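**Student:** Would you mind keeping the following structure in view while I ask a few things?
The values are calculated or read from the model by the stated rules, or taken from the named source; none is laboratory data. What you see is a predicted model, and the numbers here were worked out from it, not measured in a lab. Every residue, glycine as well, gets a Cβ built from its backbone with ideal geometry; the counts of neighbours run over all protein chains shown. All accessible areas refer to the heavy atoms of the entire protein, side chains included, with ligands and DNA or RNA removed. Shrake-Rupley method; radii C 1.70, N 1.55, O 1.52, S 1.80 Å.
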Amino acid sequence: MKSKYNVIRYVILIVLVLILLFPLYWMITASFTTNKYLFSLPPNFWPMEVTVQNYIKIFQNEQYIGYFRNSFTSAFGTVMLTLIVSLLSAYAFSRFPFKGRNTLMTGIMSVQMFPIVAILISLYTFYQKWRMLNTFQGLILANTTFCLPLCITLLKSFFDTLPRSLDESARIDGCGRMRTLFSILMPLTLPGLVAVGIYTFLYAWDEFLFSLIIMTDNNMKTLPVGMAQSFIGEFAHDYSSMMAFSVAGSAPIVILFVFFQKYMISGLTAGAVKG
């Protein structure tokens, strides 16, 4: 009887996995076919006419390449700024018992309570006055603001697990605060730094609203906005090219997970359990 229930459970799990993987399969399949077959009835779940013209169209168009370049610039800039600010902030929150620390930490966490759409009008007005529209600095700053709460909390949990005797030993050896942080403590928080970096990169890579509002020049658009505006028109949709663009845009994320999945999982779980 127990084996029967195990078989049923595995069958249900396999069906659920197939359902979850079908959109990914359809995206890849649609990228190798034409719109004519995508709109055929009954639908063809296997490409009837395999073609790579959709990918050639993407990588031969300088504008599409520019969307990738803009996304990489925004994502890497956001990662670097977030890592620096969250590392220093988490170290301060963990090691310095200053007055109002808990209140300030609560205020930082409350940033995630506000939806992005609630601040877009104000943000656009400020950026227009500060001449930060159509700049990567403005987009990176906006993305960093919404990444910091989780990143600071995660890194703080790592610093909290490190014994203060490490700081005292480093101070006896003549290390200052910054030397202690970068030479002694930071290597021990490497899994947390990797998790923070991957999370920030994913957020900045997939971000849509900030790029749509801040980057008003078409040449400054990032990948999600460029894809939405290039293949979805008023009277016609180029779904095959959009799927090829989606596959190409998903490739960096897949590569990131393949090489850093172990560090990201260990970083997230260690920070959550030990904190």
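**Student:** Using Cα centres only, tell me the gap between the range 34-57 and the range 95-173 in whole Å.
**Tutor:** 46 Å
**Student:** Another question, then. Tell me the per residue accessible area of the chain using a 1.4 Å probe; a whole number in Å² is fine.
**Tutor:** Working: 16080 Å² over 275 residues.
On a per-residue basis, 58 Å².
**Student:** Based on the Kirkwood radius over alpha-carbon pairs, what is the Stokes-Einstein translational diffusion coefficient of the chain at 10 °C with 1.306 mPa s viscosity, in µm²/s? If you can, show how the numbers build up before the last one.
**Tutor:** On the way: Rh = 21.9 Å.
The estimated diffusion coefficient comes to 73 µm²/s.
**Student:** Kindly express, to the nearest 10 degrees and within the range 0 to 90, the angle between helix 239-274's C-alpha long axis and the longest C-alpha principal axis of the chain.
**Tutor:** The angle comes out at about 30 degrees.
**Student:** Using the crude model of +1 on Lys and Arg Cβ and -1 on Asp and Glu Cβ, and no other charge, please compute the dipole size for the chain relative to its Cα centre, in debye to 20.
**Tutor:** Values: 19 positive and 11 negative charges, 184 e Å.
About 880 debye.
**Student:** Taking a label point 7 Å from the Cα of Q229 along the Cα→Cβ vector, which residues of the range 125-147 have an amide N closer than 13 Å to it?
**Tutor:** Backbone N within reach: 134-135.
**Student:** Here is a follow-up. Just by accessible area at a 1.4 angstrom probe, what is the order of M48, M243 from largest to smallest? Walk me through the numbers before you get to the answer.
**Tutor:** Values: M48 120, M243 40 Å².
Result, largest first: M48, M243.
**Student:** Could you state the angle between the C-alpha long axis of helix 190-206 and the longest principal axis of the C-alpha atoms of the chain, as a value from 0 to 90 degrees rounded to the nearest 10?
**Tutor:** Around 40 degrees separate the two axes.
**Student:** Relative to the first principal axis of the alpha-carbon coordinates of the chain, what is the inclination of helix 62-95, with its axis defined by its Cα atoms, in degrees from 0 to 90 and to the nearest 10?
**Tutor:** It works out to around 20 degrees.
**Student:** Which order do peptides 244-253, 164-173 fall in by mean Cβ count within 10 Å, highest first?
**Tutor:** Working: 244-253: 18.6, 164-173: 12.0.
Listed from highest to lowest mean packing, they are 244-253, 164-173.
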